[in-house]
Amino acid sequence: MSLAARHLEANGIPTVIMGCAKDIVEYCGVPRFLFSDFPLGNSAGRPFDVESQAATLELALRVLETAPAARTTVQSPQRWSDDASWKLDYNNLAKLTPEEIAEKRRAFDEVKATIKTVQARP
């Protein structure tokens, strides 16, 4: 996505990336980046929270309008939780039981199988 944004920008189309992984996006050098300190996959706001999502979109549009220079990163003021310990727990295999790991692996394998089926269609 970061490389696509750079390509679009080079061709006169302004972009803003909304993301939850600051390191790789900043390393790629996107022109404008709205960082949300949320678990991966939640860069548009909290799931099922319309107010959070609307505020995130509004801030992204503001970044698009007002970024003073290339490689501008703005951090969303929203927090996933008042307690930052979620960062220690999120996808931490050391804190999962063997059964939970097996279930996550099964779900991931199911997604991969679905993708292969879709890709195999003419």
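Here, each number is a calculation from the coordinates, and none is a lab measurement. No experiment lies behind these values; they were computed from the predicted model shown. Every residue, glycine as well, gets a Cβ built from its backbone with ideal geometry; the counts of neighbours run over all protein chains shown.
Just a few scattered comments:
- Computed over every Cα-Cα pair of the chain and binned at 5 Å starting from 0, the pair-distance distribution P(r) comes out as 2, 10, 15, 16, 15, 15, 14, 9, 4, 1, 0 percent.
- Note on the chain: with a GNM built from Cα contacts shorter than 10 Å, the maximum mean-square fluctuation among Pro14, Pro98, Pro31 falls on Pro98.
- Taking Leu34, Leu61, Leu96 as the candidate residues, the one with maximal mean-square fluctuation in a Gaussian network model of the chain, Cα springs under 10 Å, is Leu96.
- Selected from Asp109, Asp49, Asp23 as most flexible by GNM, with the chain as the system and alpha-carbon contacts under 10 Å: Asp109
- Across the chain, C-alpha contacts under 8 Å between residues 6 or more apart give a mean separation that, scaled by the residue count, equals a relative contact order of 21 percent.
- Total charge dipole magnitude, the chain, about the Cα centre, Cβ charges on Lys, Arg, Asp, Glu only, Debye to nearest 20: 480 debye
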